[in-house]
1. Kindly state which helices (runs of 4 or more DSSP H) lie completely within the stretch 198-296 and contain at least 2 residues that are more than 16 Å from the ligand (Cβ to nearest atom), without any contact (Cβ under 8 Å) to a residue 24 or more places away in the chain and out of contact with any strand residue (DSSP E or B) (no Cβ under 6 Å at 6 or more places or on another chain).
2. If I filter the stretch 142-165 down to residues being in contact with an Asp or Glu (Cβ under 9 Å, 6 or more places away or on another chain) and at pLDDT below 85, which single residue comes out as nearest to Ala109 (Cα to Cα)?
3. Hey, among the residues in the stretch 238-249 that are at pLDDT below 90 and under 15 Å from Gly266 (Cα atoms), which one's nearest to the chain's Cα centre (by Cα)?
4. When the residues of the stretch 166-188 are narrowed to those that are in contact with a helix residue (DSSP H, G or I) (Cβ under 7 Å, 6 or more places away or on another chain) and modelled with pLDDT of 85 or more, which ends up surrounded by the fewest Cβ atoms within 10 Å (Cβ to Cβ)?
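The values are calculated or read from the model by the stated rules, or taken from the named source; none is laboratory data. Not measured: the values here are computed from a predicted model. So basically every Cβ, Gly included, is an ideal-geometry build from the backbone, and we count neighbours across all protein chains shown.
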Amino acid sequence: MVRRPSASQSLLLGEGYRYFDGGIYAKWPPLFPTLLAALHVVGLEPVAGARFLNAFAFGMIVYVSGRLFLRCTTSVAFALPGVLSIILSAPLVAVSIMVWSEPVFAALAALFTLAMPGFLRTQSRTSLVSISLLAALACLRRYAGVTLIPDCWLYIHEPCVKMGRIQVFNNWSPYLVRDETKVWVGLEYFCTEGDQLWNMSDRDFAEMAIEEMARIGFIDRADVLDSTVIRMPKAYPAYTGTYKSLDRIRDHTDRFENLFLIGQNGMHRYNNADHSMLSAMAAVDNIIHGVRSKDNIWAVNAEEEYHEAASQMPDQE
Ligand SMILES: Cc1cc2nc3c(=O)[nH]c(=O)nc-3n(C[C@H](O)[C@H](O)[C@H](O)COP(=O)(O)OP(=O)(O)OC[C@H]3O[C@@H](n4cnc5c(N)ncnc54)[C@H](O)[C@@H]3O)c2cc1C
């Protein structure tokens, strides 16, 4: 919440888009702090400016949605409840009374929706400029700039590439990257020790990955600053071979009272991070309360469907 006001203060001091701690305001689009700085010039300090902007945006949303309801229903009797539902919308009211920039985006999006049919009807240059301007301002308000994708990761299903998942480490935490103006992207390729992907040289692998990213339109290859390749053997516990006999190992290890098999490799189970932590918490509980059975640990993540499916799989070598 303090990011945008602090970026606007920094703009006013002539120091560019920066957070209160001096870090570069890179993750968020620049429109909101720019508007706050502009309002400061006319006498409104940033928090008051944000309130003014949001009150204005709220009014605009109500007005434009009224026009849209009227356009769709052509009857005030039907449009009125629609407008009331916007005015009483708890999420909209909540973001509007805070120093958040969503109302400005929503107002711009509503204006865009109002103006679009006009452009489609007239196809005039003026209406094209209007909707382009509204769309551009909306983009400058939400997730433009160096933010590649707003999510932490994205599964890739394009058949023309081999990559399985893209991660944007900047979005996990700004503390993972030294320079927030650069994007740290991780690509995951699923392979097995000794297969063709695994045996590629680091250079060829990086070259392939960069080419794939450019091919799906994710990056411009000229923007790549550096790359590294890490191979992780046995990254996933595989439910193959003698997996069906895992219970025999469990029966054996469970006999050691002070041995607790937990986590992904400890249990040889396709656990997610939360399952791994839950198994550790169950083990700690057992130790504290002197419980000798390990059943509650093995019960973590045992209800998933894919475990049942796995038990029906034929043995594979
Ligand atoms: C490619 C991949 C993608 C994944 N994606 C997700 C995901 O999207 N979401 C999710 O929730 N989970 C995901 N997981 C699963 C998640 O990472 C694991 O469930 C979790 O990290 C397991 O935690 P753990 O504590 O059991 O083991 P680990 O996190 O593997 O920790 C074990 C630690 O023990 C250390 N160690 C090993 N041997 C020794 C030794 N002899 N002496 C000292 N230290 C040792 C290792 O270096 C390691 O740091 C993914 C896993 C992989 C491999």
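1. 202-215, 246-254, 273-289
2. Arg142
3. Here the residue is Ala238.
4. Going through the qualifying residues, I end up with Leu176.
The rows are residues; the columns are (1) hydroxyl-bearing (Ser, Thr, Tyr); (2) exposed (fewer than 15 other Cβ atoms within 10 Å of the Cβ); (3) farther than 30 Å from Glu207 by Cβ; (4) in the same structural domain as Phe58 (by TED's automatic domain parsing).
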| site | (1), (2), (3), (4) |
| --- | --- |
| Val99 | no, no, yes, yes |
| Ala106 | no, no, yes, yes |
| Leu111 | no, no, yes, yes |
| Pro117 | no, yes, yes, yes |
| Leu120 | no, yes, yes, yes |
| Ser127 | yes, no, yes, yes |
| Leu134 | no, no, yes, yes |
| His157 | no, yes, no, no |
| Gly164 | no, yes, no, no |
